[in-house]
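The values are calculated or read from the model by the stated rules, or taken from the named source; none is laboratory data. Just so you know, these numbers come straight off a predicted model, no measurement behind them. Backbone-built Cβ (ideal geometry, glycine too); neighbour counts: all protein chains shown. Ligands, DNA and RNA are stripped out before the accessible areas are found, and what is left, the full protein with its side chains, is counted by its heavy atoms. Shrake-Rupley method; radii C 1.70, N 1.55, O 1.52, S 1.80 Å.
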Amino acid sequence: MSESSGRNIEDLHLKSLTKKFGEVAAVDDLTLTIPAGSFFALLGASGCGKTTTLRMVAGLEDPTSGNIVIGDKDITHLRAFQRPVNTVFQSYALFPHLDIFENVAFGLRRRKVKDVDQKVNAMLELVELGPMARRKPSQLSGGQQQRVAVARALINEPDVLLLDEPLGALDLKLRRQMQIELKRIQVEVGTTFVHVTHDQEEAMTMADTVAVMNAGRIEQMGHPADIYELPQTVFVANFLGQSNLFAGSRTGQSGEVIMVDSHGMKFSVLSSRNSARSDEIIVGIRPEKIVVRDLVDRDNVPSGHNILEGRVTDVSYTGVSTQYVVETSWGQDVTVFEQNVIVGDRCEVGDQVILHWSPEHTFGLAGGETLLHKTAQVLAAGV
Amino acid sequence: MVALLPSTGVKPQVSPQKRSRTGYFLLLPGMTWLAIFFAIPFVTLFLTSLQAPVAGKSGQYVPAFQVSNYPDALIEYWPQFLKSFIYAGIATALALLIAYPLAYFIAFKAGRWRALMLVLVIAPSFASFLLRTYAWKTILADEGFITSFFNALHLLPDDRILNTSIAVIAGLTYNFLPFMILPLYAALEKVDPRLIEASNDLYASAFTTFRKVTWPLSLPGVVAGTLLTFIPATGDYINAELLGSTQDRMIGNVIQTNFIEFRDYPTASALSFVLMAVILVLVFTYIRRAGTEDLV
Ligand SMILES: Nc1ncnc2c1ncn2[C@@H]1O[C@H](COP(=O)(O)OP(=O)(O)OP(=O)(O)O)[C@@H](O)[C@H]1O
Ligand SMILES: [Mg+2]
C-alpha cells in the first residue's frame, strides 16, 4: 500500500447538514470539518444521529438540506457508487455468495482497475487474512469477517473511510485487539477514518479527534484529552467519562479566579476553564482529580483548593483504584477515584471526610439545576 | 430438491443415541403415504408397461416381459414428446420473465401492500384448474377482444389464437405462474437490503448491483420456480385439450387417450415411464449445473 500514502487526501466538510424523518430531525444543522488523514471519532448516545450522518456521507441517504464537500468538490448530489467514499458496515454486509477474495475485489472489478489479483493479495496480507482468500464469509469468525469488511472498503483507496460501529458485534477482548489493528491500518494507509461509536473509551483510545454528538448536533469536538479535561457542556461532561457537577451562581471574581457559590459552599473556577456566559455556573470536577482525607487532615489542604465535606456511603475496591461515594450535607452523591498507591490507609463507610481538588482541574459549565436533572435523565434513557 | 435447501456449511453435532429412534418414527406417516400412493402404483404401472395383448381381444392384456412396448411407443409418439418439452420450456421461460419483476416488486417495493399482493397471486388457485382453463377459452375466443386486437395488428399467422400452440403455451404459462412467483418471492425477500447498499457503496450501479448481487442471491428461487413450473407443465394435458387443436397435443394427451379411449394400457404406461425418466434426467443435469457454481 506504499503507493497510496503519497496520495492527495483532502478534508471532508459537512455544511449545515440536516436530515429530517417526518418532523424529527435526526441530524440537525451539522457543520463539521474532518481533517484529511485524521482518525475521527463520532461519539454519541444511541439514536443521536451518528448512522444517519454516515449514511448521508456515503450517499445511502439524501440530506434534507446542507452540503457534503470533499476538498473543494461538492458530492452532495452524487450517487453512492460515484463517491470516493467507502463504508464498513456495522453488520459487515459481506456478500455471502462470493468468497473472501471476490468480496475484497468487488470494488476494484466494478471500477475496472488493473492488477486486481496483486492488490487483493496485498490487502489480504495487510489484514492478515491471506490464507482465507477462498473461503466463504460464513466460514470466518466475527473478527475475521470484520477485517474482510475493512479490507473490502479500504482496497478502493477512498478519500474517506466510514466505519459504523464496526466493532460492536465483537466481544471485549477481540474489540481491544481490533482497535489496535484498525489504528495500525489507518496509520499505515493514511486515509481519513470516520469512526462511529458509542463506546467512549474506544473513541478516546483510537481517535485523534473526537466529536461528541447529542440529539443531531455536535456538542464538542477536539483532541480526546482536551475534551476530557475541559468539557464544555453538561452532556459531554457526563457522556465522556464521569463528572461531579454542582449547580451554583457566580458571586465574584478576583483576577483569573471566578468564585461560585453552590449550596453554601464556595468554589473557585479559573476563568479560562469556564464556558458559562451567565452568572449561573455549574462547577465540575472529574472523580480522579479529587483527594479524599479524614476530617482531621483539614489543615493540610493546599491553599486555594476547593473543599467539600461529606460522609462516605460506599467504598468499592477495584484493584487499581478505590471508588468512594461521598454524600454532601445537601444529599448529593460525589464520586471519587483514589489510586491504590498507599496500602491499608482507606476510609470506611460512615467516615466523615474532607474532599479537595485544585481549581486547575475544575471546570465551569453553562446551566443550572434543571439542566443537570434533564441531562441525567437523557443519559439514563439513552445509553 | 435437495440442492435447493440452503447449505449451512456446519452440520449440527447430534449424539448417536439421540439420532437413533425419534427420526424414524417421524418418518413413518410420510413413508406410509408414499408406500400406498406412490410405490405400489409405481410398481403396478411398471408391470403394466411390460404386458402383452391377448390375441383377438382388444383391451385385454396378460403379464409379460414385452420390452418392445417401449421402442414401439417412442417411435409412434416422439413428436408429441418433443412438443411437450418445447411447450413447457417456452411456458417456463415466459413465466420466469413475468414472475421475476413481479416477485421483485412485491419483495422490495410493495411495502404495506405486500401481503395483499401475495394473496392476489394465490387467489386464482381458489378456482379449479379446469374452470380457469375454460375461462381462457372465452378470453382467447375468435370473437374475443384479444384476438381482435392482435388481428387488427396482423400479428397472428392463423388469424386466431384459440386452437393454436400460442393458446396452449399461454394457458400453461398462466396456470403455473404462481409456482414461479412464490419461490422467487421467497428467495428475493431473503436478500438483505444492506447487501444492496454495500454494493452501491462499492461502485456498482443499480443494474450492476442486480447482476452481481441480487440475481445470484435469488438463484435458488429461480431454480425452484423453473422446476415447479416445468415439471407439471410437461405432463399437463388439460391446456392442450381445451385450448389447442389436434396438432397441439402434448404427451399428457397421448397417455390419456391411450388409457381411456384405446385402452392400450401397456403403451400408456410405457409413455408415462419414459416421461418420468426424461424429466428426472433433465432435472438432475439442471440442478447439478446450477448447483456447482451459482447456488449459495
Ligand atoms: N429510516 C428512518 N425513518 C425514520 N426515522 C429514522 C430512520 N433512520 C433513523 N431514524 C431516526 O433518526 C434518529 C437517529 O438515528 P441513527 O440511526 O442515526 O442513530 P445512531 O446515532 O446511529 O444510533 P445507534 O447508536 O443506536 O446506532 C433516531 O431517532 C431514529 O429513530
Ligand atoms: Mg447507528
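Scanning the stretch A:149-160 for residues that are at the interface with chain B (Cβ under 10 Å from one of its Cβ atoms) and either farther than 18 Å from residue A:115 by Cα or within 16 Å of ligand 1 (Cβ to nearest atom) (or both) gives a single hit, A:149. Out of A:167, A:163, which single residue is assigned to a loop (DSSP other than H, G, I, E, B), within 16 Å of ligand 2 (Cβ to nearest atom), surrounded by 22 or more Cβ atoms within 10 Å (Cβ to Cβ) and more than 10 Å from every other protein chain (Cβ to nearest Cβ)? Sole residue among the options that is assigned to a loop (DSSP other than H, G, I, E, B), within 16 Å of ligand 2 (Cβ to nearest atom), surrounded by 22 or more Cβ atoms within 10 Å (Cβ to Cβ) and more than 10 Å from every other protein chain (Cβ to nearest Cβ): A:167.
Of the strands (runs of 3 or more DSSP E) lying entirely inside the stretch A:205-321, those containing at least 3 residues that are under 14 Å from the mean Cα position of the chain (by Cα) span A:209-214, A:217-222. Just the residues that are farther than 30 Å from residue B:190 by Cβ, open to solvent by 50 Å² or more (accessible area, probe 1.4 Å) and among the small types (Gly, Ala, Ser), please, taken from the stretch B:69-109. Within the stretch B:69-109, none qualify. Can you pull out the residues in the stretch A:23-63 that are near ligand 1 (Cβ under 7 Å from one of its atoms), away from chain B (no Cβ under 14 Å) and touching an Asp or Glu at 6+ places or on another chain (Cβ under 8 Å)? Correct list: A:49, A:50.
Inclusion of residue A:33 among residues that are touching a residue at least 24 places away in the same chain (Cβ under 8 Å) and either within 16 Å of ligand 2 (Cβ to nearest atom) or assigned to a strand (DSSP E or B) (or both) is not warranted.
Being in contact with a Gly (Cβ under 9 Å, 6 or more places away or on another chain), away from ligand 1 (no atom under 15 Å from the Cβ) and outside any loop (DSSP other than H, G, I, E, B) holds for only one residue in A:67, A:86, A:103, and it is A:86.
For the stretch A:373-380, the count of residues that are part of a helix (DSSP H, G or I), touching a helix residue (DSSP H, G or I) at 6+ places or on another chain (Cβ under 6 Å) and not acidic (Asp, Glu) is nonzero. Scan the stretch B:231-269 for residues that are in contact with a Gly (Cβ under 9 Å, 6 or more places away or on another chain) and surrounded by fewer than 22 Cβ atoms within 10 Å (Cβ to Cβ) and the total you get is 10. If you check A:112, A:119, A:136, A:73 for being more than 26 Å from the chain's Cα centre (by Cα) and at the interface with chain B (Cβ under 8 Å from one of its Cβ atoms), only one passes: A:136. Among the residues of the stretch A:19-30, those identified as free of Cβ contacts under 8 Å to residues at least 60 places away in the same chain and more than 16 Å from ligand 2 (Cβ to nearest atom) are A:20, A:22, A:23. Candidates are the residues of the stretch A:81-105 that are open to solvent by less than 10 Å² (accessible area, probe 1.4 Å) and at the interface with chain B (Cβ under 9 Å from one of its Cβ atoms); the one that is farthest from ligand 2 (Cβ to nearest atom) is A:95. Within the stretch A:36-68, being open to solvent by less than 10 Å² (accessible area, probe 1.4 Å), more than 16 Å from ligand 2 (Cβ to nearest atom) and among the aliphatic types (A, V, I, L, M) holds for one residue alone: A:68.
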